[in-house]
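Some notes on the structure that comes next.
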Amino acid sequence: MRRDPGEPSPQPSFADPAATNVVAPRAATAGDAPELVRLRVLMLTAMAGGTAPPPGPWLTATEETLRRRLAEAEPTMAAYVVDNPDRPGELAACAVGTIEERLGTPGNPGGLSGHLFNVCTDPGQRRRGYARACTQELLRWYRERGVGAVDLAATEEGAPLYRELGFAPLTAMRLTTPARRTEDSSAPTAGSGGGEVAGQVTAGR
């Protein structure tokens with residue numbers, strides 16, 4: 001699904017804790033990385049029908065990526081979180097997003113595009129508006145940086161929320177390629193691919 005931050009959104013456009021009685025989200029820091037990983041595992045488990053993803057190096061790599069990118073002076077990744085009011089030190093919900101510089105289009109001359117993901121609420125904290133509030137703050141972050149379009153992959157459960165925030169469906173395709181170790185003699189060279197490649201097809205891009 002895609003949203004153009006430049007277009008009017010259903011009101012209220014962004015989180016207003018005073019109006020919604022929702023705990024105000026805050027920008028995540030590098031210190032939130034372990035909790036962001038925990039919520040990601042919960043999200044992946046739910047998406048797999050209750051089957052938890054296997055542990056492995058990906059957990060450490062994910063935490064390291066979050067710590068590094070959230071600590072950058074001019075970050076192209078941001079996360080907004082709500083602290084768990086019942087369990088100090090834990091997060092109740094989060095939303096994560098990145099900015100990518102692509103080639104411009106008539107509708108997005110600067111070419112800045114966002115990808116919103118890892119929207120998750122702890123099971124014990126649902127139905128309180130936390131995910132919506134985090135997502136709205138992330139959309140504000142995108143708007144302030146001149147991002148012309150924001151994409152996300154929506155589950156059936158989450159789709160109604162995103163439609164309310166102005167997102168519209170689009171066709172998406174993904175190619176997953178085998179990861180290669182750098183020490184391997186077959187490691188990818190400049191210009192070759194490795195890891196995961198995702199493509200989204202939409203009119204006007």
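The values are calculated or read from the model by the stated rules, or taken from the named source; none is laboratory data. Owing to the predicted nature of the structure, the values given are computational and were not obtained by experimental measurement. A quick note on method: Cβ atoms are made from the backbone with ideal geometry, for glycine too, and the neighbour counts reach across all protein chains shown. Just the protein is used for accessible areas: all its heavy atoms, side chains included, with ligands, DNA and RNA removed. Shrake-Rupley method; radii C 1.70, N 1.55, O 1.52, S 1.80 Å.
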Hits in region 22-33 - residues which are part of a helix (DSSP H, G or I) and surrounded by fewer than 16 Cβ atoms within 10 Å (Cβ to Cβ): 30, 31
Matching residues in region 133-155 - criterion: being under 21 Å from residue 34 (Cα atoms) and assigned to a loop (DSSP other than H, G, I, E, B): none
Whichever residue in region 108-132 is open to solvent by less than 60 Å² (accessible area, probe 1.4 Å) and part of a loop (DSSP other than H, G, I, E, B) and, among such residues, is farthest from residue 47 (Cα to Cα): 110
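Each row is one residue, and each column tells you yes or no for (1) within 25 Å of residue 142 (Cα to Cα); (2) open to solvent by less than 40 Å² (accessible area, probe 1.4 Å); (3) outside any helix (DSSP H, G or I).
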{"residue": "37", "(1), (2), (3)": "yes, yes, no"}
{"residue": "40", "(1), (2), (3)": "yes, no, no"}
{"residue": "49", "(1), (2), (3)": "no, no, yes"}
{"residue": "52", "(1), (2), (3)": "no, no, yes"}
{"residue": "58", "(1), (2), (3)": "no, no, no"}
{"residue": "62", "(1), (2), (3)": "yes, yes, no"}
{"residue": "73", "(1), (2), (3)": "yes, no, yes"}
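Do you know which residues across region 75-86 are closer than 15 Å to residue 39 by Cα and assigned to a strand (DSSP E or B)?
From region 75-86, those closer than 15 Å to residue 39 by Cα are 79-84; that's our starting set.
Matches in region 75-86: 79, 80, 81, 82, 83.
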Sole residue being at pLDDT below 95 and either surrounded by 15 or more Cβ atoms within 10 Å (Cβ to Cβ) or outside any loop (DSSP other than H, G, I, E, B) (or both), chosen from 181, 163: 163
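Have a look at 38, 2, 26, 69 and point out the one that is modelled with pLDDT under 95 and of a type outside the set (A, V, I, L, M, F, W, C). Before you say what the answer is, go through the steps one by one.
Values: 38 fails: modelled with pLDDT under 95; 26 fails: modelled with pLDDT under 95; 69 fails: modelled with pLDDT under 95.
The conditions single out 2.
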Residue in region 82-91 that is open to solvent by less than 50 Å² (accessible area, probe 1.4 Å), among the β-branched types (Val, Ile, Thr) and at pLDDT 95 or above present: yes
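Hey, among 76, 105, 155, 135, which residue is hydroxyl-bearing (Ser, Thr, Tyr), at pLDDT below 95 and farther than 19 Å from residue 41 by Cβ? Outline the logic, then answer.
Working: 76 fails: at pLDDT below 95; 155 fails: farther than 19 Å from residue 41 by Cβ; 135 fails: at pLDDT below 95.
None of the others qualify; the one that does is 105.
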